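Can you read through this structure? Questions will come right after.
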Ligand code: ADP
Ligand code: MG
């Protein structure tokens with residue numbers, strides 16, 4: 001689960017990481033009041049679950065409370081498009097108003113789980129303020145990494161070594177090492193999958209402050225942190241992903257694809273995306289309906305797939321174990337009739353009651369092509385997409 005910058009920076013502050021003074025506002029008038037309280041130059045920042053706000057006009061440094069009000073008015077309620085948002089952008093409902101720092105150097109600091117190393121790692125770079133992927137691509141040797149032992153934690157000497165490598169002035173080496181230790185403590189105690197500060201800055205007057213804060217929490221550990229679970233902002237969720245989650249489906253929208261996929265099991269879903277590509281098309285989504293999806297869940301999955309205007313054909317690949325494929329067929333037929341969707345459907349069904357499932361679909365009047373293997377499904381898909389293109 002992602003949280004907003006204003007929430008993440010509060011967690012950082014709770015763990016002793018210095019952050020600039022600031023508050024969150026829902027209206028431009030509130031933004032002005034906060035700027036008045038702070039006094040002096042402030043920064044007005046769009047609160048959306050995406051980075052890259054700076055370059056997209058979502059972060060504005062201003063000199064007076066009136067300018068802060070105007071900046072907030074220009075940000076609030078207007079879609080903000082960054083490389084990390086969907087193409088249509090995300091609408092900021094809140095802005096954060098914070099004291100503007102006088103920056104001398106921008107650094108990058110993060111703790112995350114490295115699946116390949118099977119360990120939590122702390123990463124830092126002297127190239128802060130820039131997207132870290134860009135640094136990794138163009139200047140990989142500018143990224144410093146230390147692995148932490150999941151049981152022992154991050155040893156203080158490693159935190160010190162990291163802060164030395166950042167080339168900080170001597171008097172900041174220890175405060176920076178403490179900060180790294182605190183960041184790591186937050187990361188483990190709150191079951192985060194990511195804590196990222198970009199930029200962490202050294203100010204002109206020689207202090208270290210976190211100017212940005214990004215935290216992602218492990219969904220499966222949220223039950224241990226009811227206070228954090230409450231930080232969820234449904235406004236920021238993809239509408240389809242939210243509907244899917246409510247129906248117990250795991251759905252991820254993929255930009256630019258035209259084949260809607262309905263599959264049970266994550267592995268089979270991945271394989272199905274592969275054969276979609278093999279058939280010369282891109283999948284429009286990842287969708288795992290789960291191993292024991294009900295007729296209703298399948299119907300909801302179908303509705304979600306066809307509500308995506310990019311979908312031109314549907315590939316259903318179900319393996320009936322606990323899932324009954326005849327029930328799945330009934331769910332598909334009901335949802336297709338209800339939505340009036342008349343897209344071509346390629347179906348591969350095996351396992352429990354597959355014969356009955358296929359018969360129901362064949363007799364449904366829907367445009368269904370049955371396939372009995374993965375390669376057969378790819379061939380059928382190629383054919384229906386060719387027809388759709390003509
Ligand atoms: P994003 O990562 O979404 O672009 P950031 O919070 O990192 O948003 O802000 C972008 C840039 O704006 C930062 O790299 C920094 O240069 C500047 N900035 C952000 N907050 C402040 C602040 N409090 N004072 C001065 N400059 C800031
Ligand atoms: Mg940033």
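The values are calculated or read from the model by the stated rules, or taken from the named source; none is laboratory data. Note that the coordinates shown come from a computational prediction; the quantities given were computed from them, not determined experimentally. As a convention, Cβ positions derive from the backbone with ideal geometry for all residues, glycine included, and neighbour counts pool all protein chains shown.
Would you check if there is a residue in the stretch 148-158 being touching a helix residue (DSSP H, G or I) at 6+ places or on another chain (Cβ under 8 Å) and not assigned by TED's automatic domain parsing to the domain that holds residue 192?
no
Which residue pairs have Cβ atoms under 7 Å apart, sit 6 or more places apart or on different chains, and have a first residue in the stretch 125-148 that is farther than 18 Å from residue 82 by Cα and a second that is part of a helix (DSSP H, G or I) and within 16 Å of ligand 2 (Cβ to nearest atom)?
Partner pairs satisfying both residue conditions: 125/132; 125/135; 127/135; 142/135; 143/135; 143/136.
I need a count of the residues in the stretch 1-33 that are touching a strand residue (DSSP E or B) at 6+ places or on another chain (Cβ under 8 Å), part of a helix (DSSP H, G or I) and either within 16 Å of ligand 2 (Cβ to nearest atom) or within 15 Å of residue 186 (Cα to Cα) (or both).
Residues in the stretch 1-33 being touching a strand residue (DSSP E or B) at 6+ places or on another chain (Cβ under 8 Å), part of a helix (DSSP H, G or I) and either within 16 Å of ligand 2 (Cβ to nearest atom) or within 15 Å of residue 186 (Cα to Cα) (or both): 7 in total.
Please indicate, with yes or no, whether at least one residue in the stretch 25-43 is within 30 Å of residue 310 (Cα to Cα) and surrounded by 16 or more Cβ atoms within 10 Å (Cβ to Cβ).
no
Residues to consider are 331, 267; find the one that is under 24 Å from residue 245 (Cβ atoms), surrounded by fewer than 24 Cβ atoms within 10 Å (Cβ to Cβ), in the same structural domain as residue 380 (by TED's automatic domain parsing) and in contact with a helix residue (DSSP H, G or I) (Cβ under 7 Å, 6 or more places away or on another chain).
When all the criteria are applied, what remains is 331.
Right, here's the next one. If you take the residues of the stretch 244-262 that are assigned to a strand (DSSP E or B) and in contact (Cβ under 8 Å) with a residue 40 or more places away in the chain, which of them is nearest to residue 277 (Cα to Cα)?
259
Select from the stretch 178-201 the residues that are farther than 17 Å from residue 152 by Cβ and either buried (at least 21 other Cβ atoms within 10 Å of the Cβ) or within 16 Å of ligand 2 (Cβ to nearest atom) (or both) and list them in ascending order.
Result: 179, 192, 194, 195, 196, 197, 198, 199, 200, 201.
State whether one or more residues within the stretch 194-214 are in the same structural domain as residue 121 (by TED's automatic domain parsing), under 27 Å from residue 115 (Cβ atoms) and free of Cβ contacts under 8 Å to residues at least 60 places away in the same chain.
Checking the stretch 194-214: not a single residue is in the same structural domain as residue 121 (by TED's automatic domain parsing), under 27 Å from residue 115 (Cβ atoms) and free of Cβ contacts under 8 Å to residues at least 60 places away in the same chain.
Would the stretch 162-171 turn up any residue that is assigned by TED's automatic domain parsing to the domain that holds residue 195, under 25 Å from the mean Cα position of the chain (by Cα) and part of a helix (DSSP H, G or I)?
No, there is no match, as no residue in the stretch 162-171 is assigned by TED's automatic domain parsing to the domain that holds residue 195, under 25 Å from the mean Cα position of the chain (by Cα) and part of a helix (DSSP H, G or I).
Follow-up. Looking at 116, 104, can you tell me which residue is more than 17 Å from residue 193 (Cβ to Cβ) and exposed (fewer than 14 other Cβ atoms within 10 Å of the Cβ)?
104
A follow-up question, please. Of all residues in the stretch 306-322, count the ones that are over 18 Å from residue 371 (Cβ atoms) and in contact with a helix residue (DSSP H, G or I) (Cβ under 9 Å, 6 or more places away or on another chain).
Going through the stretch 306-322 one residue at a time, the tally reaches 4.
Among (1) buried (at least 19 other Cβ atoms within 10 Å of the Cβ); (2) within 30 Å of residue 158 (Cα to Cα), where does residue 60 come up short?
(2) is the only condition that residue 60 fails.
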